[in-house]
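> Quick one: this structure, given as structure tokens, is what I'll be asking you about.
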Amino acid sequence: MGLLAAATVVLLVCIACLLSFATWRGRSGKGKMPPGPAPLPMLGNVLQVKPKNLAKTLQKLSEEYGPVFTVHMGSDPVVVLHGHDVVKEALIDRADEFAARGHMPIGDRANNGLGIIFSNNEEWLQVRRFALSTLRSFGMGKRTVEERIQEETGYLLEEINKTKGTPFDPTFMLSCAVSNVICSIVFGQRYDYKDKKFLALMNNMNNIFEMINSLWGQVHSMFSKVLDYLPGPHNKIFSEFDALKAFVSEEVKMHQASLNPSSPQDFIDCFLSKMQEEKEHPNSNFHMKNLITTTFDLFTAGTETTSTTIRYGLLLLLKYPKIQEKVQEEIDQVVGRSRRPCVADRTQMPYTDAVVHEIQRFIALIPLSLPHTVTKDTCFREYVIPKGTTIFPVLSSVLHDSKEFPNPNEFNPGHFLNENGTFRKSEFFMPFSAGKRVCPGEGLARMEIFLFMATILQNFTLKPVIDPQELNITPTLSGTGNVPPVYQLCALPR
Ligand code: HEM
Ligand SMILES: *[C@@H]1O[C@H](CO)[C@@H](O)[C@H](O)[C@H]1NC(C)=O
Ligand SMILES: *[C@@H]1O[C@H](CO)[C@@H](O)[C@H](O)[C@H]1NC(C)=O
């Protein structure tokens with residue numbers, strides 16, 4: 001009897017696989033879904049797609065199936081756009097059709113359609129536009145965003161100076177510095193690196209990133225339909241979200257009490273003024289819940305990304321001391337030692353600018369961007385992408401395209417320099433994605449990366465604790481981001 005039952009199960013599984021294989025063959029091809037490996041029922045393409053190194057498996061599949069193909073993550077089909085031409089065609093040439101955010105289980109559950117990252121339609125457009133203009137404007141109190149970053153670099157230098165040339169891991173202090181820039185913009189104040197409230201906030205964000213990047217987080221995003229109803233470690237992340245939102249909510253209350261609408265000092269003030277302005281509109285998108293969710297988005301999208309980029313950049317400069325030296329020479333020529341570097345210096349510093357671009361290109365921090373979708377059945381090349389299908393625009397395939405960057409897996413600032421040493425712009429530089437969803441923090445992030453790195457190198461020479469030849473610079477891909485291996489360095493005052 002046991003044998004019979006087992007045989008029946010095996011038979012049923014085989015039939016299910018065959019059926020799924022046959023239906024998939026019928027659904028893909030010209031005028032239908034893009035081609036791709038046949039999925040298993042429920043499990044999709046687990047056999048072909050390794051979550052540990054998604055970008056690499058997708059590269060392999062694109063060699064077999066072309067620049068537009070379908071893979072199944074769990075039971076859901078995902079259309080993958082691979083290479084500069086298709087990514088540009090979708091995100092830029094057909095920006096409106098490809099602007100919608102795809103389903104992301106954790107984000108959708110945390111944000112409930114509010115904020116910027118996980119929202120869509122008019123709600124998304126209005127809040128995004130507001131955040132962009134506020135981040136850009138000089139109307140946010142007396143200090144510009146640039147001055148806020150420069151202030152923070154001073155504290156970061158002090159912190160580095162305290163290490164007195166002994167080896168240290170820069171992760172924590174870089175996270176503090178970058179978080180503080182967002183704190184300054186959003187809350188109007190920075191915190192001491194030892195402040196208890198600030199440390200709780202940092203701890204909170206670290207936990208969130210660790211959980212998203214854990215195997216559990218990965219599995220959750222593939223099988224959320226089932227897991228959301230089960231107990232397990234993936235539920236803990238939502239209590240971390242709540243704690244972060246409670247922190248923001250407390251700040252908002254204090255801002256409300258002291259608001260002077262004629263001179264908003266920070267992002268929260270600006271948002272509160274906008275709420276005032278629109279309080280007669282019954283369907284306004286500017287309300288308390290959206291203020292909290294939007295602030296939350298700025299923190300989660302703007303801290304780990306930028307600080308990881310800087311941390312990875314410093315590692316690359318340890319690996320290539322000649323490049324570090326050339327950056328320092330340029331800083332000495334253009335800025336000197338007596339004043340802080342500023343954004344206006346960047347156009348005078350093509351080599352440093354090229355190094356910063358090459359860092360972002362090389363590491364391809366968010367290799368698959370965030371998922372997009374189409375809001376109606378969409379013809380793309382010879383295929384039809386059904387409404388609601390998740391789309392991955394593979395940014396790493398653009399950043400590592402050998403048509404544009406010879407030896408794309410090599411770290412070489414020459415990728416962004418003309419022969420005469422001037423800065424060479426590239427359309428393939430898309431670490432922030434492109435089109436209507438392009439990262440609204442791009443300007444801020446690029447300012448931070450440039451100012452933090454230039455100021456550190458103006459004041460310190462960075463040395464590895466082991467032979468540069470032995471330094472590992474291969475990313476540990478974890479979840480959605482490429483993270484550098486853990487390392488230590490020594491900062492010697494110049
Ligand atoms: C090196 C640093 C950063 C990188 C590499 C980066 C990259 C990205 C990427 C690839 C996306 C997805 C775009 C898409 O959907 O196609 C994104 C979205 C976003 N980023 Fe950034 N980002 C960085 C820093 C920041 C900062 C500093 C902020 C905050 C001010 C920020 C706020 C956002 C927001 C709010 C979104 C969602 C945009 C939307 O859905 O409309 N990012 N970012
Ligand atoms: C580091 O500290 C020393 C003395 O403690 C001081 O003279 C120097 O200016 C500091 N350097 C920076 C970059 O803060
Ligand atoms: C340097 O070369 C680029 C392209 O090769 C050219 O566009 C630019 O005008 C040149 N600049 C100078 C100062 O010669």
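The values are calculated or read from the model by the stated rules, or taken from the named source; none is laboratory data. What you see is a predicted model, and the numbers here were worked out from it, not measured in a lab. Heads up, the Cβs are rebuilt from the backbone with ideal geometry, glycines too, and the neighbour counts pull from every protein chain shown. Accessible surface areas use protein heavy atoms only, side chains included; no ligands, DNA or RNA. Shrake-Rupley method; radii C 1.70, N 1.55, O 1.52, S 1.80 Å.
> Being of a type in the set (Val, Ile, Thr), over 17 Å from Gly414 (Cα atoms) and surrounded by fewer than 21 Cβ atoms within 10 Å (Cβ to Cβ) is the requirement here; does Thr375 meet it? Break it down stepwise before answering.
Details: of a type in the set (Val, Ile, Thr): yes; over 17 Å from Gly414 (Cα atoms): yes; surrounded by fewer than 21 Cβ atoms within 10 Å (Cβ to Cβ): yes.
Answer is yes for this residue.
> I'm trying to understand the selection: among the residues of region 365-375, which are more than 9 Å from ligand 1 (Cβ to nearest atom) and modelled with pLDDT of 95 or more?
Thr373, Val374
> Taking Lys387, is it away from ligand 1 (no atom under 11 Å from the Cβ), open to solvent by 40 Å² or more (accessible area, probe 1.4 Å) and within 18 Å of Phe98 (Cα to Cα)?
On the way: away from ligand 1 (no atom under 11 Å from the Cβ): yes; open to solvent by 40 Å² or more (accessible area, probe 1.4 Å): yes; within 18 Å of Phe98 (Cα to Cα): yes.
For Lys387, the condition - away from ligand 1 (no atom under 11 Å from the Cβ), open to solvent by 40 Å² or more (accessible area, probe 1.4 Å) and within 18 Å of Phe98 (Cα to Cα) - is met.
> Sticking with this structure for a sec: Does Leu81 meet the test of being under 20 Å from Pro408 (Cα atoms), open to solvent by less than 20 Å² (accessible area, probe 1.4 Å) and without any contact (Cβ under 8 Å) to a residue 60 or more places away in the chain?
Details: under 20 Å from Pro408 (Cα atoms): yes; open to solvent by less than 20 Å² (accessible area, probe 1.4 Å): yes; without any contact (Cβ under 8 Å) to a residue 60 or more places away in the chain: no.
So Leu81 fails the test.
> Continuing with the same structure: Can you find a residue in region 286-296 that is open to solvent by less than 10 Å² (accessible area, probe 1.4 Å), assigned to a helix (DSSP H, G or I) and within 16 Å of ligand 2 (Cβ to nearest atom)?
No, that holds for no residue.
> Going through region 171-187 one residue at a time, which ones are buried (at least 22 other Cβ atoms within 10 Å of the Cβ) and either within 15 Å of ligand 2 (Cβ to nearest atom) or outside the structural domain of Val465 (by TED's automatic domain parsing) (or both)?
Ala177
> Now a separate question. Could you pull out the residue among Leu462, Leu451 that is part of a strand (DSSP E or B) and either within 16 Å of ligand 2 (Cβ to nearest atom) or in the same structural domain as His72 (by TED's automatic domain parsing) (or both)?
Working: Leu451 fails: part of a strand (DSSP E or B).
When all the criteria are applied, what remains is Leu462.
> Any idea which of (1) over 15 Å from Ile366 (Cβ atoms); (2) at pLDDT below 95; (3) within 16 Å of ligand 1 (Cβ to nearest atom) is the one Phe450 doesn't satisfy?
Unmet condition: (2).
> Quick one: what pairs do we get from region 150-167, first residue of a type in the set (Gly, Ala, Ser), second assigned to a helix (DSSP H, G or I), C-beta under 9 Å, 6+ apart or different chains?
That search, which allows pairs on different chains as well, returns Gly154/Thr455.
Conditions (1) under 20 Å from Phe380 (Cα atoms); (2) at pLDDT 95 or above, marked per residue:
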residue: Arg25; (1), (2): yes, no
residue: Gly31; (1), (2): yes, no
residue: Val49; (1), (2): no, no
residue: Ala55; (1), (2): no, no
residue: Lys88; (1), (2): yes, yes
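> Now for a different question. Mind counting the residues in region 246-275 that are loosely packed, with under 11 Cβ neighbours inside 10 Å and farther than 22 Å from Val181 by Cα?
Summing the residues that are loosely packed, with under 11 Cβ neighbours inside 10 Å and farther than 22 Å from Val181 by Cα in region 246-275 gives 3.
> Does any residue of region 237-245 turn out to be at pLDDT below 90 and open to solvent by 60 Å² or more (accessible area, probe 1.4 Å)?
Residues of region 237-245 that are at pLDDT below 90, as a first pass: 237-245.
Keeping just the survivors that are open to solvent by 60 Å² or more (accessible area, probe 1.4 Å) gives 239, 242.
Looking through region 237-245, at least one residue is at pLDDT below 90 and open to solvent by 60 Å² or more (accessible area, probe 1.4 Å).
> For Leu317, indicate whether it is more than 14 Å from ligand 1 (Cβ to nearest atom) and either buried (at least 22 other Cβ atoms within 10 Å of the Cβ) or of a type in the set (A, V, I, L, M, F, W, C) (or both).
yes
> Residues in region 347-355: is at least one outside any strand (DSSP E or B), in contact with a strand residue (DSSP E or B) (Cβ under 8 Å, 6 or more places away or on another chain) and of a type in the set (Gly, Ala, Ser)?
yes
> Among what's in region 390-414 and is open to solvent by less than 10 Å² (accessible area, probe 1.4 Å) and of a type outside the set (A, V, I, L, M, F, W, C), pick the residue that is farthest from ligand 2 (Cβ to nearest atom).
Checking each candidate, the answer is Pro393.
> Moving to a separate point now. What helices (runs of 4 or more DSSP H), lying completely within region 95-206, carry at least 3 residues that are within 26 Å of Asn285 (Cβ to Cβ) and more than 20 Å from the chain's Cα centre (by Cα)? Steps first, answer last, please.
On the way: elements: 105-111, 121-136, 145-161, 171-187.
In region 95-206, the matching helices (runs of 4 or more DSSP H) lie at 121-136.
> Taking region 398-421 on its own, how many of its residues are within 16 Å of ligand 1 (Cβ to nearest atom) and either in a loop (DSSP other than H, G, I, E, B) or of a type in the set (Ser, Thr, Tyr) (or both)?
Residues in region 398-421 being within 16 Å of ligand 1 (Cβ to nearest atom) and either in a loop (DSSP other than H, G, I, E, B) or of a type in the set (Ser, Thr, Tyr) (or both): 1 in total.
> Scanning for something without any contact (Cβ under 8 Å) to a residue 12 or more places away in the chain, charged (D, E, K, R), open to solvent by 30 Å² or more (accessible area, probe 1.4 Å) and not in a loop (DSSP other than H, G, I, E, B), does region 467-475 turn up at least one residue? Quick ask: steps written out before the conclusion?
Of region 467-475, the ones without any contact (Cβ under 8 Å) to a residue 12 or more places away in the chain are 467, 469-470, 474.
Within this subset, residues satisfying the condition of being charged (D, E, K, R) are 467, 470.
Checking which are open to solvent by 30 Å² or more (accessible area, probe 1.4 Å) leaves us with 467, 470.
This time we only want the ones that are not in a loop (DSSP other than H, G, I, E, B), so: 470.
The answer is yes; a qualifying residue exists.
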